[in-house]
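This report concerns only the one structure given below.
The values are calculated or read from the model by the stated rules, or taken from the named source; none is laboratory data. The structure displayed is predicted, hence computed values, not measured ones. Virtual Cβ from ideal backbone geometry, glycine too; neighbours counted across all protein chains shown. What goes into the accessible areas is simple: the full protein's heavy atoms, side chains included, and nothing from ligands, DNA or RNA. Shrake-Rupley method; radii C 1.70, N 1.55, O 1.52, S 1.80 Å.
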Amino acid sequence: MSIAFLLTTLVVVATPGTGVVYTLAAALSRGRRASVVAALGCTLGIVPHLLATVTGVAALLHASATAFQVLKYAGVAYLLYMAWATVRDKEALVVEERGPAPAVSARRVIVRGVLINILNPKLTIFFFAFLPQFVAHGEPHAVLRMAGLGGVFMLATFVVFAAYGVLAASVRRHVVGRPRVTAWLRRGFAGSFVALGAKLAFTAR
C-alpha cells in the first residue's frame, strides 16, 4: 500500500461532496448515531462502482455516452429530490428538551446514502481511472489488488465521513436550537444538493 495511494485517497475522500453534505445533514438532523449510519450508507454506495470497475462495466460507461447520460441524470434527479425533501422536512432540525426529532429508521438513512453514491457515474469513472495506476502492469492478481485498494478507499470514506458527522453532531444542540439558524441550515443543505446536482448535470465524461 503506497503512501501516494493513501494520500490521494484521503484528499479525495475529505473533499466535500454529496456524501459529506448528506452525512452532515444527518448529523444535524438526527444526531451522532444517524451520522454514522449515513456514513455507512455512503460507503456501501461505493461497492457497485468498485464492482463495475473490477468487472469492466466502467469501460462501458466510459465508451457509451447514452449509458453515462442515463445514470448521470438519474443522479441529478435524486439530488434535486433530496433538496426538496430537506426543505419540506421542517421538523428534522428540531431539538427539544424531551429529546431529538422523531426517529428515522436506520434502513432509510442507509438507503438514501447508498442511492446518493450509486447514482453518481463519475465515481465509477474515477475508480476506472484511479485504481489501475496503483496496480503493476502484468500483476498476476490484479483483480484482487484492485479490490483491496477499493476496500481501503471505502474504509477511509467511512472513517472520514463518520468523523465529519460526529463533529457536526457534537455542536448540534447549540446550532439547531435556534429557529432562524435552523431555517438557514435547511436552505443551505437544500442549496448544496441543488448545486451538486447542477455540477453533475453539466459534467462531461
Using label points projected 7 Å from each Cα along Cα→Cβ, tell me how many nm separate Ser105 and Ala14, to one decimal. 3.7
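Hey, can you rank 25-32, 141-148, 165-172 by average C-beta count inside 10 Å, highest first?
The most tightly packed comes first, giving 25-32, 165-172, 141-148.
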Rounded accessible area of Val111 (nearest 10 Å², 1.4 Å probe): 70
The percentage of the accessible area of the range 1-48 (probe 1.4 Å, all protein chains present) made up of carbon and sulfur atoms, to the nearest whole number, is 76
Measure off 7 Å from each Cα along the Cα-to-Cβ vector at Ala163 and Arg88, then give the distance between these two points in nanometres to one decimal. 3.5
With all protein chains in place and a 1.4 Å probe, Thr9 shows an accessible area in Å² (nearest 10) of 0
Could you put Tyr81, Tyr22, Tyr73 in order of accessible surface area, largest first, with the 1.4 Å probe and the full protein assembly present? Tyr73, Tyr81, Tyr22
